[in-house]
1. What does the extension gain come out to for R124 and D104, with contour length at 0.36 nm per residue minus their alpha carbon separation?
2. Out of residues 5 or more away from G56 or on other chains, whose amide H comes under 5 Å of its own, with H placed 1.01 Å from N in the peptide plane?
3. Going by how many other Cβ atoms sit within 10 Å of their own, how do K74, K34 line up, fewest first?
4. Within the stretch 82-132, list the GluC sites (Glu not before Pro) lying in a DSSP loop whose Cβ has at most 11 other Cβ atoms in a 10 Å radius.
5. How long is the gain from S29 to D80 if the chain were fully straight, where each residue apart is worth 0.36 nm and the alpha carbon distance is subtracted?
6. What are the ³J(HN,Hα) couplings of the stretch 45-61, residue after residue, when phi is run through the Karplus curve with 6.51, -1.76, 1.60 and θ = phi - 60°? Round to Hz, x for glycine and proline.
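No value in this document is a laboratory result; all are computed from the given coordinates. Given the structure is predicted, the values throughout are model-derived calculations rather than measurements. Note that we place each Cβ from the backbone using ideal geometry, even for glycine, and neighbour counts take in every protein chain shown.
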Amino acid sequence: MADNSDSPFEQAGLGEAKRGGSLGVTQMSWETRKGRGRYYTRSRRVGNRIVREYVGCGSAAPIVAELDRQEREKRKRESDRRAAERVLDAAIDAQLDQVSELADLLAHGLLLAAGFHNHRGEWRKRHGSTEG
């Protein structure tokens, strides 16, 4: 049996691929079938089923594996960016809620000071008010 350390897989530094992810290709692996060499496969969701896809062997397989790895990293960066954006949006929303509350309190105080009262959600001028 030949020494696998000289294989294109080893030279490319592509050992067992990490598993995980939530979109697209969800699982990658290198398989040895009947001792005849290493094959690159990946699993992906098609509808409600998980389908195992044979990608290849030889010199093309490490290239495809690297492209898949880059695509996973790109999806991860995009997911991280969206998560950070959601955190920032939540912080901005909280600040806007505070500003809105303060504006409501200020408006309420100014209307009361000007002689208005709140009647069932509607601001009305008090009758007989000498202010104004």
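1. That pair, R124 and D104, stretches by 5.6 nm at full extension.
2. Here the answer is Y40, since their amide H atoms fall under 5 Å of that of G56.
3. K34, K74
4. In loop regions of the stretch 82-132 (DSSP not H, G, I, E or B), the sparsely surrounded GluC sites (Glu not before Pro) are E131.
5. Net length gain for the segment: 15.9 nm.
6. 8, 10, x, 9, 10, 9, 10, 8, 10, 7, 9, x, 9, x, 6, 6, 4
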